[in-house]
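Visitor: Provided herewith is a single structure, encoded as structure tokens, for subsequent inquiry.
The values are calculated or read from the model by the stated rules, or taken from the named source; none is laboratory data. Source: prediction; values computed, not measured. We place every Cβ from the backbone using ideal geometry, glycine too, and count neighbours over all the protein chains shown.
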Amino acid sequence: MMTAVWIIIAVVAVGIYLSWTAGRLDRLHARVDSTRAALDAQLVRRASIALEIATSGLLDPASSLVLAGAAHDARGAAEDDREIAESELTRALRIVFEEPGQVEDLRARLGGDELVGELQTAVRRVPMARRFHNDAVRSARAVRRHRLVRYLRLAGHAPYPVTFEMDDEEPPTLLPGGTATG
Amino acid sequence: MRIGVVCPYSWDVPGGVQYHVRDLANWLIARGHDVSVLAPADDDTPLPPYVVGAGRAVPVRYNGSVARLNFGFLSAARVRRWIHDGDFDVLHIHEPATPSLSLLACWSASGPVVATFHTSNPRSRAMIAAYPILQPALEKISARIAVSEYARRTLVEHLGGDAVVIPNGVEVAFFADAAPDPAWQGTAVAPTLGFIGRIDEPRKGLPVLMAAFPKIAAAFPGVRLLVAGRGDAEEAAEDLPDALRGQVTFLGMISDAEKARLLRSVDVYVAPNTGGESFGIILVEAMSAGAPVLASDLDAFRQVLDGGRAGELFDNEDADALADAAITLLRNPARRTELRDIGSRHVRRYDWETVGADILGVYETVTAGADSLLGPGD
């Protein structure tokens, strides 16, 4: 009699634990999806503002061409090439805005200040969104590695979360206080 | 945006986290956001309208020091009610790993959560033991912020994952626009050095500065040292030669306005702290006021001073090195002018204007992601 009670208690306890873990995993998958959506939004925003600057006619034609090419490629890249294309755009931005004078010049032109401001915001938010996403991926993976989760397939059909790896170092000239360096 | 901010430390006790939360709330409110701050406070403490008191905090020994914390069934219920009534777009929790309101808020949260990690501790046994308990609660955090690269490293070592670095904010204009006080200003032959911090807290490093002072006075006989901060002045000046006592002035506790004027006045600000600093906001304040900074080479200070570009560094706890560096700096007005220049540009990244926008950026990133899931598709 006592053993039966104990078995029932054990089964209930395991059941509660499993359902709690499944809920936890579900929440983590939702976090992976939402941080990825946020990252996508920031990447698209960055490519758009880069393209806008490139086609504004405020930059010299050579810089415009480099920037427009990279921004266009980043926006149209297939999922598999996305990390490389976005990294290329980061590098293009760093090269085009390598000289503090370039930023000052763009700011001084009509409408340029606004464009630089938007670009500044965009290049700051991409690394943010990417860290949040990769952090979510790491948390989800940690739970999915548990033996119980693997054997009982608690993750269901949710795809195995992958990190987004790219070069997202912003141009130093666009950092606050960075533009005035002579 | 409706923003709920959780501060784990008592509102009635001054501290870095409390100031940060207060300034952040003011910054957000000034920009038209709806902010509610939940913080421990005695029931009879007068609170600003945006702060909700969560009851009295209990002093408890935790992780090596005594902290005043809230926990237990009643606190948990209060936190849950506050979150429910607030209906926040984003919940910003400070120091989520402390066993206080912050951790309780993490447990109860259901919407997007942003967390800021302020401390940097070496990995402790207690933290390792607590890891499995903390992990499910901390998993709810969608975005983590560390106040310095150093704090970020601690976080990565303790909990894994990653965080963005957004430094503590400083009201740069408040310090930059303060009027210097002639009584605190030095001359070429009789320069003034400044120090601000608890006198009786050895980690703030006043003993190192006191030990270095005779050597500095030998090179600059007219030099004066201005010390502001709580503690016993008699005791601090004990080892000083009698002849030099008149050159050290203890100002006691000073107001924020006086602090700004002091920093505007001195020829060199000295930060001889020997450890336990995760950020070093005082250095940013000194640079904002245009004071050339001489600091010990702690990791946190090195980072705030941009590896020595925005201020001079000396070997930690080495009074001789401090004296030499101070003398070199006092003999070189050109370098001091250069440091003032670099400093005033460098602090722009710590100005609330920049820091606030970054934090708001994090809120927007997090809520944008959460909204996209409610939309069509997934």
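Visitor: For the subset of region B:135-157 comprising residues that are away from chain A (no Cβ under 12 Å) and either not basic (K, R) or not in a helix (DSSP H, G or I) (or both), which member is nearest to A:G23 (Cα to Cα)?
Guide: Of region B:135-157, the ones away from chain A (no Cβ under 12 Å) are B:147-151, B:153-154, B:157.
Applying the additional criterion that residues be either not basic (K, R) or not in a helix (DSSP H, G or I) (or both) yields B:147-151, B:154, B:157.
Numbers: B:V147: 31, B:S148: 33, B:E149: 33, B:Y150: 34, B:A151: 31, B:T154: 29, B:E157: 27 Å.
So the residue we want is B:E157.
Visitor: Scan region B:308-339 residue by residue and report those that are under 30 Å from B:I145 (Cβ atoms) and within 14 Å of another protein chain (Cβ to nearest Cβ).
Guide: Initially, region B:308-339 is screened for residues under 30 Å from B:I145 (Cβ atoms), giving B:308-313, B:316, B:339.
Listed by number, the residues that qualify are B:R309, B:A310.
Visitor: In the set A:R75, A:R131, which member is within 14 Å of chain B (Cβ to nearest Cβ), within 28 Å of B:S142 (Cα to Cα), out of contact with any Ser or Thr (no Cβ under 6 Å at 6 or more places or on another chain) and in a helix (DSSP H, G or I)?
Guide: Only one candidate passes the filter, namely A:R131.
Okay, residues lined up against (1) acidic (D, E); (2) in contact with a Cys (Cβ under 7 Å, 6 or more places away or on another chain); (3) under 16 Å from B:P180 (Cα atoms); (4) surrounded by fewer than 22 Cβ atoms within 10 Å (Cβ to Cβ):
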site: B:G205; (1), (2), (3), (4): no, no, no, no
site: B:L209; (1), (2), (3), (4): no, no, no, no
site: B:K215; (1), (2), (3), (4): no, no, no, yes
site: B:A219; (1), (2), (3), (4): no, no, no, yes
site: B:G231; (1), (2), (3), (4): no, no, no, yes
site: B:P241; (1), (2), (3), (4): no, no, no, yes
site: B:L244; (1), (2), (3), (4): no, no, no, yes
site: B:Q247; (1), (2), (3), (4): no, no, no, yes
site: B:E258; (1), (2), (3), (4): yes, no, yes, yes
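Visitor: Just one of B:L101, B:L155 is touching a residue at least 12 places away in the same chain (Cβ under 8 Å) and surrounded by fewer than 23 Cβ atoms within 10 Å (Cβ to Cβ); which is it? Walk me through it before giving the result.
Guide: Working: B:L101 fails: surrounded by fewer than 23 Cβ atoms within 10 Å (Cβ to Cβ).
Only one candidate passes the filter, namely B:L155.
Visitor: So for region A:97-113 (the condition being under 19 Å from A:P127 (Cα atoms) and buried (at least 18 other Cβ atoms within 10 Å of the Cβ)), does at least one residue qualify?
Guide: yes
Visitor: Determine the pairs where a residue that is outside any loop (DSSP other than H, G, I, E, B), located within region B:37-58, has a partner that is among the aromatic types (F, W, Y) and surrounded by 19 or more Cβ atoms within 10 Å (Cβ to Cβ) with Cβ atoms under 7 Å apart, the partner being 6 or more residues away or on another chain.
Guide: B:L38/B:W82; B:A39/B:W11; B:V51/B:W11; B:V52/B:W82
Visitor: Which of the numbered conditions does B:A233 fail, given that it passes all the others? Conditions: (1) touching a Phe, Trp or Tyr at 6+ places or on another chain (Cβ under 7 Å); (2) modelled with pLDDT of 85 or more.
Guide: For B:A233, the exception is condition (2).
Visitor: Could you please find all residues in region B:70-89 being of a type outside the set (D, E) and touching a Lys or Arg at 6+ places or on another chain (Cβ under 6 Å)? Break it down into steps so the answer makes sense when it comes.
Guide: Quick first cut of region B:70-89, residues of a type outside the set (D, E) only: B:70-84, B:86, B:88.
Correct list: B:F88 only.
Visitor: From B:L251, B:L262, which residue is crowded, with 24+ Cβ neighbours inside 10 Å, of a type in the set (A, V, I, L, M, F, W, C) and on the phi < 0 side of the Ramachandran plot?
Guide: The unique qualifying residue is B:L262.
Visitor: Separate question: Looking at A:A68, is it aliphatic (A, V, I, L, M) and free of Cβ contacts under 8 Å to residues at least 24 places away in the same chain?
Guide: Values: aliphatic (A, V, I, L, M): yes; free of Cβ contacts under 8 Å to residues at least 24 places away in the same chain: yes.
Yes, satisfied.
Visitor: Given the criteria of a type outside the set (F, W, Y) and either farther than 18 Å from B:P191 by Cβ or out of contact with any helix residue (DSSP H, G or I) (no Cβ under 9 Å at 6 or more places or on another chain) (or both), does B:A219 qualify?
Guide: Working: of a type outside the set (F, W, Y): yes; either farther than 18 Å from B:P191 by Cβ or out of contact with any helix residue (DSSP H, G or I) (no Cβ under 9 Å at 6 or more places or on another chain) (or both): no.
For B:A219, the condition - of a type outside the set (F, W, Y) and either farther than 18 Å from B:P191 by Cβ or out of contact with any helix residue (DSSP H, G or I) (no Cβ under 9 Å at 6 or more places or on another chain) (or both) - is not met.
Visitor: I'd like to verify a number: residues in region A:134-169 that are away from chain B (no Cβ under 12 Å) and aliphatic (A, V, I, L, M), how many?
Guide: Looking only at that region, the number is 7.
Visitor: Do we find a residue being within 14 Å of chain A (Cβ to nearest Cβ) and at positive phi anywhere in region B:356-377?
Guide: At the first step, the residues of region B:356-377 found to be within 14 Å of chain A (Cβ to nearest Cβ) are B:356-377.
Within this subset, residues satisfying the condition of being at positive phi are B:377.
Scanning region B:356-377 turns up at least one residue that is within 14 Å of chain A (Cβ to nearest Cβ) and at positive phi.
Visitor: B:Y350 - would you say it is among the hydroxyl-bearing types (S, T, Y), within 14 Å of chain A (Cβ to nearest Cβ), in contact (Cβ under 8 Å) with a residue 12 or more places away in the chain and buried (at least 22 other Cβ atoms within 10 Å of the Cβ)?
Guide: Details: among the hydroxyl-bearing types (S, T, Y): yes; within 14 Å of chain A (Cβ to nearest Cβ): yes; in contact (Cβ under 8 Å) with a residue 12 or more places away in the chain: yes; buried (at least 22 other Cβ atoms within 10 Å of the Cβ): yes.
Considered against the rule, which asks whether it is among the hydroxyl-bearing types (S, T, Y), within 14 Å of chain A (Cβ to nearest Cβ), in contact (Cβ under 8 Å) with a residue 12 or more places away in the chain and buried (at least 22 other Cβ atoms within 10 Å of the Cβ), B:Y350 comes out as yes.
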